[in-house]
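A short worksheet on the structure shown next.
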Amino acid sequence: MPSLHILRKRLGLDPVAPPIPPVTISEATIMINATLSSTARVPTASGSKYLQQLCKHWQHNLQVEFTPEHGTVVFPKDARGADHPGDALVTFDAVEGGLDVRIDATSDAQLDGLKGAVARHLDRFAFREAPLAFDWK
């Protein structure tokens, strides 16, 4: 496993700044230097089902951890040729009557891109209910 110094350098974290608490994903610990966040509650009766489908879909290419009630997905800063300051974290929580989605990103472009990616993927899995309402805050 890479040292903390190598992870901090890869993620573009300032070595002088106090560390952000790590987010544990499977057996690896990823440091997220998120400066921008957005949340949405997506109304659906199938929040847990869609959470699991999204996480299973993304676990083939990304670092993912999930249960039927909670899921996290790390999107690398260089995904699809991008050059964002750091990795992004998307968190899903199945709640009564919906699915809570939180995106922690390191740039406006990364945040906007992930909002679109999450909405498109969720609508694909929820095709019977699509388009779902995303009230991003």
(request) For segment 68-88, indicate whether the set of residues that are out of contact with any strand residue (DSSP E or B) (no Cβ under 8 Å at 6 or more places or on another chain) and modelled with pLDDT of 95 or more is non-empty. (result) no
(message) Looking at Asp112, Asp93, Asp78, Asp108, can you tell me which residue is open to solvent by 70 Å² or more (accessible area, probe 1.4 Å), touching a residue at least 12 places away in the same chain (Cβ under 8 Å) and among the acidic types (Asp, Glu)?
(response) Asp108
(request) For residues that are out of contact with any Leu (no Cβ under 7 Å at 6 or more places or on another chain), closer than 14 Å to Leu99 by Cβ and open to solvent by 30 Å² or more (accessible area, probe 1.4 Å), tally how many sit in segment 44-66. (result) 6
(request) Determine if segment 121-133 includes at least one residue that is within 12 Å of the chain's Cα centre (by Cα), surrounded by 13 or more Cβ atoms within 10 Å (Cβ to Cβ) and either outside any helix (DSSP H, G or I) or at pLDDT 95 or above (or both). (result) no
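The values are calculated or read from the model by the stated rules, or taken from the named source; none is laboratory data. As the structure is a computational prediction, the values presented were derived from the model and not from experiment. Note: ideal-geometry Cβ built from the backbone for every residue, glycine included; neighbour counts use all protein chains shown. Heavy atoms of the whole protein, side chains included, go into the accessibility calculation; ligands, DNA and RNA do not. Shrake-Rupley method; radii C 1.70, N 1.55, O 1.52, S 1.80 Å.
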